[in-house]
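Asker: Okay, here's the structure, questions in a sec.
The values are calculated or read from the model by the stated rules, or taken from the named source; none is laboratory data. On a predicted model such as this, the values are computed, not experimentally measured, just so you know. Please note: Cβ atoms are built from the backbone with ideal geometry, for glycine as well, and neighbour counts cover all protein chains shown. Remember, those area values only see protein heavy atoms, side chains included, never the ligands or the DNA or RNA. Shrake-Rupley method; radii C 1.70, N 1.55, O 1.52, S 1.80 Å.
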Amino acid sequence: MNFVQPTPGTDNHPVVVMRVSPTQWHAVEDDLTVGRGVASRRPDGRLFVSVDAWHGAVFDRVADAMLTDLSTPLYTLVDETDHDSRSAWERAGFTTARREWGYSVPTDPRTTGLGSVRPPSGVTVVAAGEAEDEPLRALDRVVRDEVEATVGWRTMPAEVLPRPAGTTVLDPSKYAVARHGHEYVGLVRVAPLTRQPRIGLIAVRADRQRRGIARALLAHALGSLHMSGTASAWAEVDESNAAATALFESSGARRAACTLELVRR
């Protein structure tokens, strides 16, 4: 579907919004692309949309075209401090669904206070790259099923990496695990990004929680990063996740960003 309408802020030249593929829309003025819209489906099935435009009026045209072509619910992400983007999406009928804190996490045990933390009795930590593949994948499936049955995977960090259908563990070498006897009972995933490593997930089986395993896994991950010369890591935590918030903030993590997930139903 194409929309043609004079657009304030672009010398009142006609702006045409067209769907150029199943997942992309372009706003064109005098043969120049002045705005783009993209839709992408996350592994959990939700459809996220984004718009890139210099002018608010062009943003509105692209958003209107996407909303006409797509079925709800639709989701998008904005930085809480980006008031213009938030207002633009609110004009399109989106409302805040959840808030996610971004944390800068120090690695120095003198700052985190985790230098003396050890796993509980009977539990050992298997370093990243040393975990057995099948038990790791089995634990990951258990954890994901437990999360989905309670708070729902939608409350997990907003930045979800693409992956093949049915696959959740993309790179086993990024995972350290907590082992009790012959069982894997907890895991931590660290993506070794160049600018700042990202702690993408810390999880413990429901029947082994509240024993200090998550704290031991965090201590191991941060300690390993510190020994490699990394001063800080990054982590995202849903505002409603009180346990994760307490874990990171008690370890010296500082809130450095806030992402809002908006939805139009």
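Asker: Which of the residues that make up the stretch 190-208 are closer than 19 Å to Pro119 by Cα, outside any strand (DSSP E or B) and out of contact with any helix residue (DSSP H, G or I) (no Cβ under 8 Å at 6 or more places or on another chain)?
Answerer: Selection gives Asp207, Arg208.
Asker: Out of Val147, Val125, Val160, Val143, report the one residue that is modelled with pLDDT of 95 or more and either exposed (fewer than 13 other Cβ atoms within 10 Å of the Cβ) or hydrophobic (A, V, I, L, M, F, W, C) (or both).
Answerer: Values: Val147 fails: modelled with pLDDT of 95 or more; Val160 fails: modelled with pLDDT of 95 or more; Val143 fails: modelled with pLDDT of 95 or more.
After applying the criteria, what remains is Val125.
Asker: Can you find a residue that is touching an Asp or Glu at 6+ places or on another chain (Cβ under 6 Å) and either modelled with pLDDT of 95 or more or open to solvent by less than 40 Å² (accessible area, probe 1.4 Å) (or both) anywhere in the stretch 29-46?
Answerer: From the stretch 29-46, those touching an Asp or Glu at 6+ places or on another chain (Cβ under 6 Å) are 36; that's our starting set.
When the remaining residues are screened for being either modelled with pLDDT of 95 or more or open to solvent by less than 40 Å² (accessible area, probe 1.4 Å) (or both), the result is 36.
Yes, the stretch 29-46 contains at least one residue that is touching an Asp or Glu at 6+ places or on another chain (Cβ under 6 Å) and either modelled with pLDDT of 95 or more or open to solvent by less than 40 Å² (accessible area, probe 1.4 Å) (or both).
Asker: Would you check which residues across the stretch 218-265 are open to solvent by less than 50 Å² (accessible area, probe 1.4 Å), under 15 Å from Pro197 (Cα atoms), of a type outside the set (A, V, I, L, M, F, W, C) and touching a Ser or Thr at 6+ places or on another chain (Cβ under 7 Å) and list them?
Answerer: Thr230, Ser232
Asker: Moving to a separate point now. Does the stretch 199-207 contain any residue that is basic (Lys, Arg) and surrounded by 17 or more Cβ atoms within 10 Å (Cβ to Cβ)? Even if it seems obvious, please write down each step before you answer.
Answerer: First, pick out the residues of the stretch 199-207 that are basic (Lys, Arg): 205.
Add one more test, that the residue is surrounded by 17 or more Cβ atoms within 10 Å (Cβ to Cβ), and what stays is 205.
The answer is yes; a qualifying residue exists.
Asker: Right, something else. Name the residues in the stretch 81-117 that are over 30 Å from His180 (Cα atoms), part of a loop (DSSP other than H, G, I, E, B) and either open to solvent by 50 Å² or more (accessible area, probe 1.4 Å) or among the hydroxyl-bearing types (Ser, Thr, Tyr) (or both), would you?
Answerer: Thr81, Asp82
Asker: Same structure again: Need pairs with beta-carbon distance below 6 Å; first residue in contact (Cβ under 8 Å) with a residue 12 or more places away in the chain and assigned to a loop (DSSP other than H, G, I, E, B) and within the stretch 118-139, second open to solvent by 50 Å² or more (accessible area, probe 1.4 Å) and of a type in the set (Lys, Arg); sequence gap 6+ or separate chains.
Answerer: From residues that are in contact (Cβ under 8 Å) with a residue 12 or more places away in the chain and assigned to a loop (DSSP other than H, G, I, E, B), the pairs are Pro120/Arg211.
Asker: Residues of the stretch 176-188 being more than 13 Å from Glu134 (Cβ to Cβ) and open to solvent by less than 40 Å² (accessible area, probe 1.4 Å), which ones?
Answerer: At the first step, the residues of the stretch 176-188 found to be more than 13 Å from Glu134 (Cβ to Cβ) are 176, 178-181, 185-188.
Hits for the stretch 176-188 are Ala176, Ala178, Val185, Gly186, Leu187, Val188.
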